[in-house]
Amino acid sequence: MATLEATLERITFHSGEDGYTVARVKPRNKEYVVTVVGKLLGVQVGEVLELEGHWDDHPEHGRQFTIERYRTVLPATIEGIRRYLGSGLIKGVGPATAKRIAETFGSYTLHVIEHEPQRLREVPGLGSKRAREIQHAWQEQQQIKAIMLFLQDMEMTPGLAIRIYKQYGEQSMSILQTTPYRLADDVYGIGFLTADRIAQSIGIPLDSPQRIGAGLRYALSQATEDGHCFLPWDELVRHGAALLEVATAVAEAILEAIVITGEVHVEHWDGDRLVYPLFAVRAERSVASHIQELLQTSSVIAPFYHAANWPRVFTYLADRRGIDLTQQQRDAVQMALTNKVSVLTGGPGTGKTTTLRTIILALEQQGYRYLLASPTGRAAKRLSEATGAEAMTIHRLLEYSPRSDIHFKRNAENPLDTTMVVIDEVSMLDILLANHLFKAIPQHAHVLLVGDSDQLPSVGPGRVLQDILDSLAVPSIHLDVIFRQAADSGIIANAHRINNGEPPHTSDLSDFFFFSAPDAEQCAELTVELVHQRIPRRFDFDPRRDIQVLTPTHRGPAGVANLNTLLQAELNPSSDGRMERQFGSTIFRVGDRVLQLRNNYDLDVYNGDIGEVVAIDPQEQLLRINYDNLREVAYDFRLLDELTLAYAISIHKAQGAEYPCVVIPLLTQHYMLLQRNLLYTGVTRAKHLVVLVGNHKAIGIAVQNNQVKQRYTGLARRLKHD
């Protein structure tokens with residue numbers, strides 16, 4: 001095996017998925033550069049690398065060095081040190097600061113940073129605070145590099161190594177080498193399979209109880225990510241045994257031991273054993289208990305509204321306020337004001353908003369306090385615009401504080417100060433957030449849950465809205481009369497056609513179009529052309545801010561990843577003076593539309609939030625994003641794996657949002673994902689215009705497929721029996 005010591009000059013290509021890199025390096029004491037290919041994780045331009053591998057002659061690209069292993073070597077020359085420090089390696093050190101540090105200490109610079117950091121104050125213009133920050137950043141960087149080198153054969157990204165360090169700090173290497181399965185439980189983005197690769201590399205046996213226990217917990221965790229609150233015992237044993245490649249008897253024995261230690265909970269229902277993660281069973285029990293308590297305690301407002309002269313009230317609303325309600329809407333208003341807990345459902349154009357406005361008006365006339373909230377910021381903004389009243393996210397409603405020991409300041413001990421709570425878009429509400437919500441509702445108050453039960457269920461575990469409806473424990477009304485002005489909308493009419501199992505009309509409409517593109521490549525090209533040119537030209541939409549591509553799949557030519565690459569190239573191309581930052585295979589550029597991939601309570605941003613990159617600071621290693629023109633959030637470069645481009649997003653991620661225009665690629669290649677509620681949800685995200693791209697057969701498959709994937713949940717059963 002050959003060795004090559006060289007300085008990294010330029011990264012030509014880098015894959016964020018497996019770390020595969022094409023780079024140009026300058027060999028030691030040489031003036032020419034050569035190409036190297038292979039897996040390089042977390043390296044920076046200016047670093048000196050000691051590479052092991054072999055030379056190859058590529059038929060197209062010529063002679064190149066294929067990397068088998070590598071390690072970083074600290075530079076020895078003053079110029080090398082200057083480039084190394086100024087490469088963006090250390091937060092707060094840009095090229096100018098790096099030059100001053102290197103000129104002050106010369107070849108001893110790295111020794112000073114490592115062993116005598118107090119001397120950094122000798123550098124002109126460098127204060128004690130910045131000196132401490134540089135020392136801390138340097139130590140952190142060396143720890144992270146050690147983790148990455150340890151993991152370099154396991155196809156782990158730099159972002160995962162950074163998260164390991166953030167979780168365990170100086171204990172990281174010890175935990176990696178002794179109890180690697182902890183990573184699957186503790187570190188976001190590292191599942192059992194990754195932890196298992198690490199464990200196998202250090203010799204943990206395949207039949208180790210530590211391994212089998214971790215695999216079973218992983219199988220149960222994966223189930224919750226698929227929306228389940230539990231798995232039947234036999235199904236969990238079967239899944240776990242297949243995953244671990246062990247006998248079912250072995251998996252079952254370890255599961256029995258896990259139950260005894262209290263790591264999971266088992267419930268017995270109708271002769272079945274159901275295995276719950278502890279958080280899920282606690283949440284289900286708590287939600288059911290709080291709903292039952294609300295139903296059984298008295299209301300401060302129901303007596304007044306029970307005694308109201310409702311015919312006179314509705315006549316007044318029609319004559320004096322111009323609010324002419326259908327009988328369904330009148331029943332819904334009375335239901336919400338006379339029942340402690342109630343549910344209002346209905347599709348677009350059926351009058352949910354008018355009903356809500358009427359309820360709010362009734363409360364305001366009597367001076368009763370009310371609160372409006374939705375699971376996401378975008379949904380809360382829509383609710384506020386629709387009702388003319390203040391609405392907020394559920395997290396804000398509950399005064400969430402990530403830095404407090406009690407994250408939700410509003411809870412059973414400190415309930416909300418209100419008479420009624422209205423929660424919109426309840427189809428998005430998972431069992432965990434529902435638990436925190438119901439804990440904070442005072443016993444005298446009313447709760448009105450509003451949603452569309454035909455939309456996709458929540459991303460998180462549970463199916464709160466459908467379970468409450470199925471339990472029949474709570475009064476509910478489903479609005480199904482479409483108002484005439486709504487029926488004139490092609491979007492609303494087609495949404496109801498889809499929901500009824502009928503194909504949408506795609507001709508002679510001014511707000512609903514279909515463009516044929518039989519194969520995936522054509523579909524992707526046409527989607528980009530429509531977004532970039534044709535739709536903005538005809539309808540005067542801003543292609544970056546008004547048009548949202550929604551697709552069923554992440555992969556393939558018409559999937560999220562490829563469409564984002566194509567759309568970014570057209571809508572926000574690279575240009576001189578426009579700052580950008582590459583993270584893995586994604587380039588983030590000022591002006592880009594981006595999506596938050598998971599809840600980050602420290603930054604107060606949540607899975608599905610969409611914003612725009614407004615600034616990139618390479619020296620402070622910060623990327624700033626504006627969300628909804630309301631607030632700006634600064635992301636450390638190390639957190640960029642929580643973001644992705646959002647010119648195209650999955651339909652699941654669009655729940656609760658509304659866009660002026662949506663473009664939806666639909667192909668028969670998406671067969672396994674084509675469902676009625678998926679297409680219905682996508683279409684109902686549009687306010688003014690829907691454009692479908694693909695083939696009619698795919699639309700037909702989606703419309704006809706009403707087989708909603710079953711979720712294992714127990715809330716309905718608890719509400720029936722508790």
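The values are calculated or read from the model by the stated rules, or taken from the named source; none is laboratory data. Predicted, not measured: the structure shown is a model, and the values here were computed from it. We place every Cβ from the backbone using ideal geometry, glycine too, and count neighbours over all the protein chains shown. Just so you know, the surface numbers come from the protein's heavy atoms only, side chains and all, with ligands and any DNA or RNA stripped out. Shrake-Rupley method; radii C 1.70, N 1.55, O 1.52, S 1.80 Å.
Within segment 445-501, if we keep just the residues that are acidic (D, E) and not in a helix (DSSP H, G or I), the residue that is surrounded by the most Cβ atoms within 10 Å (Cβ to Cβ) turns out to be D452. Residue check: T104 meets all listed conditions (1) more than 26 Å from D641 (Cβ to Cβ); (2) touching a residue at least 40 places away in the same chain (Cβ under 8 Å); (3) polar (S, T, N, Q) but one, namely (2).
Yes/no per residue for (1) under 41 Å from the mean Cα position of the chain (by Cα); (2) modelled with pLDDT of 80 or more:
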| site | (1), (2) |
| --- | --- |
| G62 | no, yes |
| I67 | yes, yes |
| P75 | yes, no |
| R83 | yes, no |
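Looking at R711, is it in a loop (DSSP other than H, G, I, E, B) and either at pLDDT below 90 or among the charged types (D, E, K, R) (or both)?
yes
Listed conditions (1) under 25 Å from P503 (Cα atoms); (2) part of a helix (DSSP H, G or I); (3) touching a helix residue (DSSP H, G or I) at 6+ places or on another chain (Cβ under 8 Å) are all met by H532, apart from (1). Could you say whether any residue in segment 455-474 is among the acidic types (D, E) and either in contact with a Gly (Cβ under 7 Å, 6 or more places away or on another chain) or under 30 Å from H505 (Cβ atoms) (or both)? Within segment 455-474, none of the residues are among the acidic types (D, E) and either in contact with a Gly (Cβ under 7 Å, 6 or more places away or on another chain) or under 30 Å from H505 (Cβ atoms) (or both).
Against the conditions (1) hydroxyl-bearing (S, T, Y); (2) over 20 Å from the mean Cα position of the chain (by Cα); (3) buried (at least 23 other Cβ atoms within 10 Å of the Cβ), Y647 satisfies every one except (2). Taken over segment 76-101, residues that are among the charged types (D, E, K, R), in contact (Cβ under 8 Å) with a residue 60 or more places away in the chain and touching a helix residue (DSSP H, G or I) at 6+ places or on another chain (Cβ under 6 Å) amount to 1.
Among helices (runs of 4 or more DSSP H) lying entirely in segment 244-354, which contain 2 or more residues that are open to solvent by 60 Å² or more (accessible area, probe 1.4 Å), free of Cβ contacts under 8 Å to residues at least 60 places away in the same chain and of a type in the set (A, V, I, L, M, F, W, C)?
248-261
Is segment 45-63 home to any residue that is part of a loop (DSSP other than H, G, I, E, B), of a type in the set (A, V, I, L, M, F, W, C) and buried (at least 16 other Cβ atoms within 10 Å of the Cβ)? Yes - at least one qualifying residue is present in segment 45-63.
Conditions (1) outside any strand (DSSP E or B); (2) surrounded by fewer than 24 Cβ atoms within 10 Å (Cβ to Cβ); (3) touching a Cys at 6+ places or on another chain (Cβ under 8 Å); (4) at pLDDT 90 or above, marked per residue:
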site: V633; (1), (2), (3), (4): no, yes, no, yes
site: L640; (1), (2), (3), (4): yes, yes, no, no
site: V662; (1), (2), (3), (4): no, no, no, yes
site: Q669; (1), (2), (3), (4): yes, yes, no, no
site: L679; (1), (2), (3), (4): yes, no, no, yes
site: G682; (1), (2), (3), (4): yes, no, no, yes
site: V690; (1), (2), (3), (4): no, no, yes, yes
site: I699; (1), (2), (3), (4): yes, yes, no, yes
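Candidates in segment 572-596 are the residues that are surrounded by fewer than 19 Cβ atoms within 10 Å (Cβ to Cβ) and closer than 30 Å to Q669 by Cα; of these, the one that is modelled with the highest pLDDT is P573. For segment 82-138, taking the residues that are among the charged types (D, E, K, R) and outside any helix (DSSP H, G or I), the one that is most open to solvent (accessible area, probe 1.4 Å) is identified as K91.
Kindly check whether there is at least one residue in segment 419-429 that is surrounded by 23 or more Cβ atoms within 10 Å (Cβ to Cβ) and among the acidic types (D, E). Yes, because at least one residue in segment 419-429 is surrounded by 23 or more Cβ atoms within 10 Å (Cβ to Cβ) and among the acidic types (D, E). The residue list A280, A302, A379, A362 contains one member that is within 24 Å of L456 (Cα to Cα) and out of contact with any Asp or Glu (no Cβ under 6 Å at 6 or more places or on another chain), which is A280.
Restricting A386, A362, A412 to residues that are open to solvent by 10 Å² or more (accessible area, probe 1.4 Å) and closer than 24 Å to A716 by Cα narrows the list to A412.
Of all residues in segment 14-27, none satisfies being open to solvent by 20 Å² or more (accessible area, probe 1.4 Å), without any contact (Cβ under 8 Å) to a residue 12 or more places away in the chain and either under 30 Å from R555 (Cβ atoms) or not in a strand (DSSP E or B) (or both).
Within segment 194-230, the residues that satisfy the criterion of being hydrophobic (A, V, I, L, M, F, W, C) and in contact (Cβ under 8 Å) with a residue 24 or more places away in the chain are I198, I202, I204, L206, I212, A214, L216, A219, L220, A223, C229, F230. Can you say whether E620 is in a strand (DSSP E or B), open to solvent by 10 Å² or more (accessible area, probe 1.4 Å) and either among the β-branched types (V, I, T) or in contact (Cβ under 8 Å) with a residue 12 or more places away in the chain (or both), as far as the supplied structure shows? No.
Within segment 515-528, can one find any residue that is under 29 Å from the mean Cα position of the chain (by Cα) and closer than 28 Å to R624 by Cβ? The answer is yes, given that some residue of segment 515-528 is under 29 Å from the mean Cα position of the chain (by Cα) and closer than 28 Å to R624 by Cβ.
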